[in-house]
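Presented below is the structure to which this report refers.
The values are calculated or read from the model by the stated rules, or taken from the named source; none is laboratory data. Quick caveat, the model's predicted, so the values are computed rather than measured. We place every Cβ from the backbone using ideal geometry, glycine too, and count neighbours over all the protein chains shown.
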Amino acid sequence: MSQTNRIKGGLVDRSQTLKFTFNGKSMQGHPGDTLASALLANGQKLVGRSFKYHRPRGIFSAGSYEPNALVELRTGAHQEPNTRATVAELFDGLTANSQNHRGPLEFDVMSGVDLLAPFLSAGFYYKTFMWPKAFWEKIYEPFIRMSAGLGSLSMQEDPDVYDKGFLHCDLLVIGAGPAGLSAALAAGRSGAKIILADEDFLFGGQLNAETYAVDGMAGSGWAAQAVAELAAMDNVRLMNRTTIYGAYDHGIFGALERCTDHLPTSGGKPRQILWKIYSKRSLLTAGATERPIAFGNNDRPGVMLAGAVRTYANRYGVAPGKRVAVFTNNDDGWRTATDLADKGIEIAAVIDSRDGTPRASIHGANMVMGGRIVDTAGRKGLKSLTLSNGQVIKADCLAVSGGWNPNVHLTCHQRGRPNWNDDLSAFVPGDDLPVGMSVAGAANGTLALGAALKDGRDRANEIVKDLGFKASRKAAPKAEDEAYKGAPFWHVGESRKRAWVDLQNDVTVKDIKQSHAEGFRSVEHLKRYTTLGMATDQGKTSNIPALAIMAECTGKTIPQTGTTIFRPPYTPIPMGALAGRARGKNFRPTRLTPSHIWAKENGATFVEVGNWMRAQWFARPGEKGWRDSVDREVEMTRASVGICDVTTLGKIDIQGKDAAEFLNHIYTNAFLKLPVGKVRYGLMLREDGIAYDDGTVARLGENHYVMTTTTANAVLVFRRLEFARQCLWPGLDVHLISTTDGWAQFAVAGSNSRSLLSKIVDDGFDLSNEAFPFMACAELTVCAGTPARLFRISFSGEMAFEIAVPARFGNAMMGVLMQAGEEFDAVPYGTEALGVMRIEKGHAAGNELNGQTTAVNLGLGGFVSQKKDCIGKTLSERPDLNRDDAIRLVGFKPVDPAKPLLAGSHFINKGDTANMANDQGWMSSVAFSPIMGHSIGLGFIKQGHERKGEIVRAVNPARGSEVDVEIVSPHFYDPEGGLQRG
Amino acid sequence: MIINHPLLGPRDAAEFVYLGDAALIDRPDPSVADAAEKFHEYGYLRDNPAGEHQELWYHEQGDRSWLVVTRNTLSHEISKVELARDVAVARGRGR
């Protein structure tokens, strides 16, 4: 069997034959086919099973609004579920499979679900599965999950590449049908910069689907000629296979271009590109979508939209049936009958819901005016239909037309509401369009061809004149205005059988009536109660009929009943396209420290700290776990000297005559009297009085300061400083530059740090305690001429320095420092050892500056100057933040030194029950201290500063731990600070 | 959205960081008697108008200017964009 339903004509290239498989069966088609047209050509009517009832379903439409024919394309990691066969372009070797069935498509084991339909009506979830309660998890939910649904995922990583791009234009024309092409021609001739986008691979829209003539030639031929003229214009960008999916603020549109979906492989190119298009003006020429009529068993394979039936015949050269019947409420439906009859396809009957005389005469066809279809037959494909008068008509394809809806979707993306047009019985664009948007052609309710061509050209000319271009005088292309009038007819009331409205979500006329009967009458309630219009097709063919049926129930008009709000995207957008290149490791940038290469070569284990990769520890042979390495790094640093890359801390260069005054506003403590060559610790508050960030400020010159921030807050502090500088104190002469990436900075800590550094500073720079004491800073050169900055600051509690060199020297500097330190057994240390030493020293870090704690809580109350204002000062004085029983940062050690401590444990007084009412505070940071020989912790506890020596319980119910701990000073190591000054 | 930067011309909103109500420029005088009350209002109370709203945007991926953008919260129409420094000075802020 091969292409049994292929007929003459159409826009497919018969000189080439493409092979593809559907459910493993080999089939053939031609370039220019969609998967849907090729399946129909091969006589394959049954293509899937429905979402809820597992009803056999066939191809319903010829467009992107297809509700039924969803298939899985390709295999392996490239497998893509829920692809609309009606827009999937055929290529050689395509593999397609049907979805949502168990066992073969023809004998779906789950089709028995259809017999349960009486129990599965609207809202069945909320009613049927109420009892017994225990059944939900074990029986109901697994069953529903198994039976409902669509395609399956490959469960492998998407191997394709997706990209993003940006485009700019004067005018974006959305849709390349008659109105769009006519508009693009007129606008293009004016010289304006135009983008013409269409979701189809072939420009021309309805012109390719019809047999109407334009300017005396076949419509499709005229379209091809227009595209050729446009392609020759430098100011026009033609984008086929591109869906404009959303209209956003200020003339910005989202577009998805399918670059290689129509090819067997992407060849390494991006599969799809997500474009952001910036337009001065836009013209929506997106055409119209046909809507069905609901009647009994109207979901069988072979029941299709009338316009789709003639699209397959005219454009693809495919007869969707051997004996076709038409059911219509309008003149356009008759066109399907005459077009097909002209191609020699047998027309069984034309059933028109209107009374009157037949609109055409077709040889051998039954003409039934005022007719109603009440039922159909045919298990896996239509065989016959039954009229209300009992007459049975044999047909294997039924073309249904309930009229056309203008595609107003994009006009509503910014909450504009469409207007009801009684003449068309359809919504047309409202008055509140997105900024810069105009609408023309069928999308604007101008359904006749000649008028649409003129409308497109006239609107385009208005727009380009508005933009200051000279409009072309060339007349609009000429075509006849075809008959399209109809009389509203939504569903066959006489029908006793289930009549589908939303095919994709299996919502019937009965469900809508039930929704009304149960009080869900607002269109938004109807939608949520029945799930109507909530499938991937977003109800493009079902929303209006459903509204009409609800209006009938309530006795209101359709506009009184309302319309749902259209939101982007117009058609589904793959997650891969939204992600673009930002996936896996590229989800966000990775920042490497200047000594990254050295660290990698020297066995560092890295940890992600924000965007940064930092060395966590440097394992040595023989060490059995990270604790061995970290303990050694701490011990060797404290015993001699250790080196750590601390570049990630934020660095902000502050210059200007008023820099000191500026810092005085920012920090709680005073900065006016900081001498040149000195460093000072500073604490920042938020304006609400909570501690925000801390760091140091070094005064390098009269009007030159360098601030450090914590790694986590580097960007945020800089933003705040700019806010303070520009918005709060704009009169100050001060300027800021972030230099975090400009300087590589290393902590050199330990008793031999001075000896080590004295080997690399130039010209005998005096590092003695007298010349360069604790909290000194200087600009100098090292290693014979490399500019450097030296700070005598200590985070570890040891005598320590931080040395900064331009970042490009960072990796080399790490090597130089280690080489100079060889005679002292210098050791590189990572963030873990850094953390252990700061806890031993009782310094607050991110765990303590957690957005809940004040300077008083942190034991830094003395740092809030009472002599000046600063950000956060006023509100830090609120009584509740200064209660006598406020929590205080103190140290904790286990009573039993063998017990480990857990961060996050809460403190409970001895004898109290462990509950929230008795909560005394929490443990914020813990570490094993190799110097102390046991675990130590920092934490906040009520009145902690007055409770030293008291034993409390550190309780952690989440991890099943409880340890008795003693409250001690947070300064475990060298509490007097003699070492760092030494 | 597109923000018409007074120095750099039209820029995509993605280059900016949003802060909120431009009333944040009006940091109260800490020396007045009811400073605590004033700072409470400054810190916690915001108008939420349906319509024109003056708000602070920071051109973090650009020239680091803070801007005062007058935006209609119903339509997103931007009617005015000023340098926040100019606004602050006009509102009497100095040192």
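Counting the residues of region B:49-85 that are at the interface with another protein chain (Cβ under 10 Å from one of its Cβ atoms) and within 24 Å of A:VAL715 (Cα to Cα) gives 12.
Among the residues that make up region A:953-960, is at least one of them in contact with an Asp or Glu (Cβ under 7 Å, 6 or more places away or on another chain) and either charged (D, E, K, R) or under 22 Å from A:VAL856 (Cα atoms) (or both)? Yes, that holds for at least one residue.
Just checking, does region A:506-518 include any residue being of a type in the set (A, V, I, L, M, F, W, C) and out of contact with any Ser or Thr (no Cβ under 9 Å at 6 or more places or on another chain)? So far as region A:506-518 goes, yes, one or more of its residues are of a type in the set (A, V, I, L, M, F, W, C) and out of contact with any Ser or Thr (no Cβ under 9 Å at 6 or more places or on another chain). Within the set A:ALA348, A:ALA341, the sole residue that is out of contact with any helix residue (DSSP H, G or I) (no Cβ under 6 Å at 6 or more places or on another chain) and either part of a strand (DSSP E or B) or β-branched (Val, Ile, Thr) (or both) turns out to be A:ALA348. The condition of being in contact (Cβ under 8 Å) with a residue 40 or more places away in the chain and among the β-branched types (Val, Ile, Thr) holds for only one of A:ILE139, A:ILE174, A:ILE144, that being A:ILE174.
Considering every residue within region B:37-54, establish whether at least one is in contact with a Phe, Trp or Tyr (Cβ under 8 Å, 6 or more places away or on another chain), buried (at least 18 other Cβ atoms within 10 Å of the Cβ) and within 22 Å of A:GLY872 (Cα to Cα). Scanning region B:37-54, I find no residue that is in contact with a Phe, Trp or Tyr (Cβ under 8 Å, 6 or more places away or on another chain), buried (at least 18 other Cβ atoms within 10 Å of the Cβ) and within 22 Å of A:GLY872 (Cα to Cα), so the answer is no.
Would you point out which residue out of A:PRO594, A:PRO569, A:PRO545, A:PRO559 is surrounded by 17 or more Cβ atoms within 10 Å (Cβ to Cβ) and under 30 Å from A:ASP506 (Cα atoms)? Of A:PRO594, A:PRO569, A:PRO545, A:PRO559, the one residue that is surrounded by 17 or more Cβ atoms within 10 Å (Cβ to Cβ) and under 30 Å from A:ASP506 (Cα atoms) is A:PRO545.
Assessment of region A:316-327 against the conditions (under 38 Å from the mean Cα position of the chain (by Cα), of a type outside the set (Ser, Thr, Tyr) and either at pLDDT 95 or above or not assigned by TED's automatic domain parsing to the domain that holds A:LEU171 (or both)) yields no matching residue. Taken as a whole, the structure places A:LYS478 among residues that are assigned to a loop (DSSP other than H, G, I, E, B), charged (D, E, K, R) and modelled with pLDDT of 95 or more. When region A:710-737 is filtered for residues that are more than 8 Å from chain B (Cβ to nearest Cβ) and among the small types (Gly, Ala, Ser), the ones remaining, listed by number, are A:ALA712, A:ALA714, A:ALA724. Taking the conditions (1) within 14 Å of chain B (Cβ to nearest Cβ); (2) assigned to a loop (DSSP other than H, G, I, E, B); (3) surrounded by fewer than 20 Cβ atoms within 10 Å (Cβ to Cβ) in turn, A:GLY689 satisfies each one other than (3). For region A:141-162, enumerate the residues that are at pLDDT 75 or above and surrounded by fewer than 16 Cβ atoms within 10 Å (Cβ to Cβ). Residues satisfying the conditions are A:GLU141, A:PRO142, A:SER152, A:LEU153, A:MET155, A:GLN156, A:GLU157, A:PRO159.
I need the full set of residues from region A:802-833 which are among the hydrophobic types (A, V, I, L, M, F, W, C) and within 25 Å of A:TRP626 (Cβ to Cβ), in order please.
Filtering region A:802-833 down to residues among the hydrophobic types (A, V, I, L, M, F, W, C) leaves A:803-805, A:807, A:809, A:812-814, A:816-818, A:820, A:824, A:826-827, A:833.
Residues satisfying the conditions are A:MET814, A:LEU817, A:MET818, A:PHE824, A:ALA826, A:VAL827, A:ALA833.
For region A:806-855, a residue qualifies if it is under 41 Å from the mean Cα position of the chain (by Cα), outside any loop (DSSP other than H, G, I, E, B) and over 22 Å from A:ALA639 (Cα atoms), and the qualifying residues are A:PRO806, A:ALA807, A:ARG808, A:PHE809, A:GLY810, A:ASN811.
The sole residue among B:LEU45, B:LEU8 that is modelled with pLDDT of 95 or more and either at the interface with chain A (Cβ under 8 Å from one of its Cβ atoms) or under 29 Å from A:ASP869 (Cβ atoms) (or both) is B:LEU45. When region A:143-171 is filtered for residues that are of a type in the set (A, V, I, L, M) and either touching a Gly at 6+ places or on another chain (Cβ under 8 Å) or part of a loop (DSSP other than H, G, I, E, B) (or both), the ones remaining, listed by number, are A:ALA148, A:LEU150, A:LEU153, A:MET155, A:VAL161.
For every residue, the table says whether it meets (1) assigned to a strand (DSSP E or B); (2) of a type in the set (A, V, I, L, M).
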position: A:LYS651; (1), (2): yes, no
position: A:ALA660; (1), (2): no, yes
position: A:ASN664; (1), (2): no, no
position: A:ARG680; (1), (2): yes, no
position: A:VAL697; (1), (2): yes, yes
position: A:LEU716; (1), (2): no, yes
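Among the residues of region A:491-499, not a single one is of a type outside the set (Lys, Arg), buried (at least 23 other Cβ atoms within 10 Å of the Cβ), assigned to a helix (DSSP H, G or I) and not assigned by TED's automatic domain parsing to the domain that holds A:ILE558. Annotation: of all residues in region B:15-35 being in contact with a strand residue (DSSP E or B) (Cβ under 9 Å, 6 or more places away or on another chain) and aliphatic (A, V, I, L, M), the one that is farthest from the other protein chains (Cβ to nearest Cβ) is B:ALA23.
Being in contact (Cβ under 8 Å) with a residue 60 or more places away in the chain and crowded, with 16+ Cβ neighbours inside 10 Å, is that true of even one residue in region A:910-925? Let's see the steps before the verdict.
Taking region A:910-925 first, the residues in contact (Cβ under 8 Å) with a residue 60 or more places away in the chain are A:924-925.
Cutting the leftovers down to crowded, with 16+ Cβ neighbours inside 10 Å gives us A:924-925.
Yes, because at least one residue in region A:910-925 is in contact (Cβ under 8 Å) with a residue 60 or more places away in the chain and crowded, with 16+ Cβ neighbours inside 10 Å.
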